[in-house]
Structure formats: C-alpha cells, structure tokens
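Report on one structure; see the data block that follows.
The values are calculated or read from the model by the stated rules, or taken from the named source; none is laboratory data. In this text the structure is predicted, and so the values were computed from the model without any measurement. FYI the Cβ positions are ideal-geometry reconstructions off the backbone, even for glycines, and counts take in every protein chain you see. Surface areas here come from the heavy atoms of the whole protein model, side chains and all, with no ligands, DNA or RNA. Shrake-Rupley method; radii C 1.70, N 1.55, O 1.52, S 1.80 Å.
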Amino acid sequence: MPRLLAAAVTCVLSAALAVGAALGIVALLGVAPDQPNVPLVTFPTSSDPGPTATPAVKR
C-alpha cells in the first residue's frame, strides 16, 4: 500500500508541475511586447510608379 500511495502522490505532483510550467510559459509569452507589423520589402503600386530606369552612359 505505501508504494501505491507514493506512486499516486508522484503522479499528482508531476501533473501539478506540468500545469504550473504550462501556465508560466503562457504568462511569459503574454508579457513579451508585440512586434510592429512593418513590411521589410514594399512594391510600387499603380499610383506610385517608383524610380524610372535611365540608360547607361557609354564612355
């Protein structure tokens, strides 16, 4: 009987530890600030033609 009780207590404590770790990870992820949603690359639109190509000068 003592081994069964020890096994049950171990299972309960390990489950509590797993739940606590999961809640801690979720709390840490919630603390991190949101990253700005700024694109690294932009493409010209029809209203913004962008730079024009110039012919190369031969010397």
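Are there any pairs, at least 6 apart or on different chains, whose C-beta atoms fall under 8 Å, with the first in the range 1-17 and basic (Lys, Arg) and the second part of a helix (DSSP H, G or I), and if so, which?
Here the result reads none, with nothing in the range 1-17 linked to a residue that is part of a helix (DSSP H, G or I).
Name the one entry in 6, 32 that is open to solvent by less than 100 Å² (accessible area, probe 1.4 Å) and at pLDDT below 85.
It is 32.
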